Amino acid sequence: MPFSHYHIISARDLSADDILAIFDRSHEYLSFLRSSDRKRHDLNGVSVVLAFFENSTRTRVSFELAAKRLSAEVTVFQAASSSVAKGETLLDTVLNIETMKVDILVMRHHHSGAHEFLALRKGRVQSSLVNAGAGQHEHPTQGLLDAFTLFQKFGSPTSMLRGMRYCLVGDILHSRVARSSIPIFQTLGAEVAVCGPGTLMPNLEAFGVRIFSHIDEAVEWADALNVLRIQHERMQVGLIPSLREYVQYFGVKHYHIQRKPSLAILHPGPINRGIELEAEVADAAQSLILSQVERGVAVRMAVLALLAEARKSSM
Ligand code: CP
């Protein structure tokens with residue numbers, strides 16, 4: 001099945017074939033990134049704007065590198081220094097950028113529904129939208145790069161991630177990574193669990209995931225943990241009694257990985273060392289945290305290239 005998406009907004013829109021197509025291309029681009037070459041020409045003549053209305057390090061830099069390494073024409077738009085600060089609406093901002101002939105708009109926004117709102121303005125918003133993180137809603141390319149990292153370790157195109165046990169740990173309630181990661185891993189056949197305090201859990205009935213309330217149980221069960229950051233900036237009130245208790249019940253400690261050397265550790269970043277995981281865990285051989293970042297460039301190259309090809313074939 002050819003990749004036929006116009007936007008990448010929600011991981012729920014991606015089938016197993018779509019995800020495998022992204023992984024297949026990511027493999028190719030990862031080999032290229034590890035070679036001495038720095039430039040391919042897959043996105044010659046394609047204009048990409050990166051619009052970040054919220055802070056980012058990894059996502060912004062990796063999308064910029066991904067687009068540039070494929071020879072796209074790249075413009076970075078920082079909302080803080082734009083006319084958004086003068087009160088311009090999101091739609092007006094995007095329509096004004098688009099009229100300058102943009103093919104792909106990669107956007108991070110603090111509002112959960114910002115990308116869907118723009119995608120619904122059919123006939124007005126013409127560019128392909130890529131969700132680079134939307135409020136507490138989704139972060140599909142992060143979910144894809146996390147799954148690609150574990151696919152390379154545990155999976156194959158035929159078995160996908162069937163039978164692998166994957167557990168998200170920590171602040172699930174505020175996590176857009178969790179909301180993208182769960183459907184991607186389930187689509188690939190992995191068993192998915194979450195582990196965290198009840199006050200940081202959304203209603204998970206519809207997700208069909210196992211729930212753990214102590215890190216020791218999660219460590220015993222899982223093949224891989226994706227450890228999430230406590231998002232103090234999104235908490236209206238204190239949802240954990242104290243950081244000390246959080247660390248005691250949910251922090252990943254050095255003894256966990258000593259006890260279970262096969263356990264893979266992921267973290268989407270940024271890390272709070274000493275809170276959701278001990279520094280020794282972040283830096284251990286089992287930690288795939290920097291592998292995730294490396295693969296992030298390849299996955300984002302794949303997403304941009306497949307979207308550009310889908311746009312071309314729909315014209
Ligand atoms: N993982 C992630 O989205 O990191 P940034 O906020 O630095 O982009």
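The values are calculated or read from the model by the stated rules, or taken from the named source; none is laboratory data. Predicted model only: the values in this text are computed from it and were never measured. Here the Cβ is made from the backbone with ideal geometry for all residues, glycine too, and neighbour counts use every protein chain on show.
Before moving on, here are some points about what is shown:
- Scanning the stretch 51-76 for residues being away from the ligand (no atom under 11 Å from the Cβ), under 21 Å from the mean Cα position of the chain (by Cα) and buried (at least 19 other Cβ atoms within 10 Å of the Cβ) gives a total of 8.
- Looking only at the stretch 106-128, residues that are under 18 Å from Q78 (Cβ atoms), assigned to a strand (DSSP E or B) and not charged (D, E, K, R) come to 3 in all.
- The conditions of being assigned to a helix (DSSP H, G or I) and either free of Cβ contacts under 8 Å to residues at least 60 places away in the same chain or buried (at least 17 other Cβ atoms within 10 Å of the Cβ) (or both) are met by D17.
- A count restricted to the stretch 46-83 and to residues that are among the aromatic types (F, W, Y) and not in a strand (DSSP E or B) stands at 2.
- Residue in the stretch 131-138 that is more than 16 Å from the ligand (Cβ to nearest atom), closer than 22 Å to S314 by Cα, touching a residue at least 40 places away in the same chain (Cβ under 8 Å) and outside the structural domain of H267 (by TED's automatic domain parsing) present: no
- Matching residues in the stretch 180-207 - criterion: being outside any loop (DSSP other than H, G, I, E, B), in contact (Cβ under 8 Å) with a residue 40 or more places away in the chain and under 25 Å from Q248 (Cα atoms): C195, T199, L200
- Taking first residues from the stretch 51-65 that are in contact (Cβ under 8 Å) with a residue 24 or more places away in the chain and partners that are part of a loop (DSSP other than H, G, I, E, B) and more than 8 Å from the ligand (Cβ to nearest atom), the Cβ contacts under 7 Å between residues at least 6 apart in sequence or on separate chains come to F53/H110; E54/H110.
- Wholly within the stretch 214-315, helices (runs of 4 or more DSSP H) carrying at least 2 residues that are under 25 Å from R25 (Cα atoms): 289-314
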